[in-house]
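Okay, structure first, notes after.
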Amino acid sequence: MKKFGISAVLMGFVMAVPCGVGAVYPVYQNPNTPNQIVTNGRVLYYPNAGVQPVSQNGMIVPNQNQVVMVNPNVAASPTRITGALPRVGSNATAAGRQYYQPADYDRLADSGLYIGFSVAYNMSLMGSMSADYAGEAKSFAVPGAFQEADFRSDTVLPLQVSVGASINNDIRVDFSFLRYSGLGYAENVQTADGAGGFVTARVNGGAITANATLLNVYYNIDSYTGYVAGGSLRPYVGAGVGLSLNTIADYVVVDNTFYSEMDPAYAEPGDLTGVSDIYAYHNGGTTEQLAFMLEGGVTTELSGGLKMDFFVRYANLGRVKTSGSIVMSQTEWLGDGAGGEYEAPYDSVYHYTDWYESGRLGMVDVGARLRLQF
């Protein structure tokens, strides 16, 4: 009787344990049961066949008696995140959770309208003036740059004002007004001596200014290069095209060389024996030229919606050209008939038209641009 009682107790314990475990940890039916719903790659399991899933906006969502399991074979779409992510929400209102706004993740992103102002320093001034009339008959008589004379520059601080807008996070477009001043004609030029050689002539005046209006396009290249300086600098490249009004002021070329025309010993009275103190007054001019620029740099962000571009820019502003009018005066020397010569009591004056001097103007600048976004 005792053996039968002990066996009954053991048998009851063995039968009761699985039932208790099942009550604490319910076993759901396998995926092949009717209690499974697959929608948009998500598998919903609900243990109670009498509780139906709830539909919201065409999507199957679980109720409180359902358990949601995600199909591990469906991968989430990755999102590339750059820069520091701003956090929004609070512990009090979001149950201790922090959320990110995808539209705000890139603090260096360009957006909306902006105005900009830049100042630069001219690192390299390229271009020179030369006499277009060098092939004219007796052109050697008029002093000018028969050999190319490089432009000179005082402290050149190119200024630029821009108004533009961002098309998207990578491209922005603006109109800009770019002004160069502090440029000038060379202080000395090599002028022809009429015998196949050259002499040095002095130049006074000839200040040069250029005012360019450009349409510019800039493209952020961080998708290729990545951010630099720990994400605080965003690299970009840009190009622009437009028109430039290039102006050169009046200037005078002074040639103090004495040019002998005849040996006074053989000169009759009044014959021209020499020429000296030649002044050539070149009238300046303004020309409208096709201009373009290439730029590369990096952008960083300041407070208050301000951004700063640090850039290197190459600008080609076309040609600088005079009006073609030259008024020349010279001192003449005359033979006295006795083997000597004397200075004429007058100055000879000549007027030449369509005799131009011109040269191309280009420069390389480094500078900074401050942009205010709206």
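Heavy-atom accessible area, probed at 1.4 angstrom with all protein chains present, ranks 223, 181, 276 as 223, 181, 276, highest first.
Could you compute the net charge surrounding residue 323? Neighbours are other residues with a C-beta less than 15 Å from the C-beta of residue 323; K and R count +1, D and E count -1. Spell out each step's value before the answer.
Details: positive: 319, 321; negative: 132, 250, 288, 354, 357.
Net charge around residue 323: -3.
3J(HN,Hα) couplings calculated from phi for region 127-142 with the Karplus curve 6.51 cos²θ - 1.76 cosθ + 1.60 (θ = phi - 60°) are, in sequence order, x, 7, 9, 8, 7, 5, 8, 4, x, 6, 4, 6, 5, 4, 6, 10 Hz; Gly and Pro show x. Label sites at residue 126 and residue 258, each approximated as a point 7 angstrom past Cα along Cα to Cβ, lie 4.5 nm apart.
State in Å² the accessible area per residue of region 166-302; use a 1.4 Å probe, count heavy atoms of protein chains only, and round to the nearest integer. Walk me through the numbers before you get to the answer.
Details: 6160 Å² over 137 residues.
Accessible area per residue: 45 Å².
Here the accessible area of region 236-318 is 61 percent carbon and sulfur, with a 1.4 angstrom probe and all protein chains present. Note on surface exposure: 132, 170, 154 rank 154, 132, 170 by accessible area, highest first, 1.4 Å probe.
Residues 161, 275, 364 ordered from highest to lowest accessible area at a 1.4 Å probe: 161, 364, 275. What is the sum of charges, Lys and Arg at +1 and Asp and Glu at -1, for the other residues whose Cβ falls under 11 Å from the Cβ of residue 364? Net charge in that neighbourhood comes out at -1. In this structure residue 321 has an accessible area near 70 Å², from a 1.4 Å probe over the protein heavy atoms.
The values are calculated or read from the model by the stated rules, or taken from the named source; none is laboratory data. None of these values were measured; they are calculated from a predicted model. Note that we place each Cβ from the backbone using ideal geometry, even for glycine, and neighbour counts take in every protein chain shown. Calculation scope for accessible area: heavy atoms of the full protein, side chains included, ligands and nucleic acids excluded. Shrake-Rupley method; radii C 1.70, N 1.55, O 1.52, S 1.80 Å.
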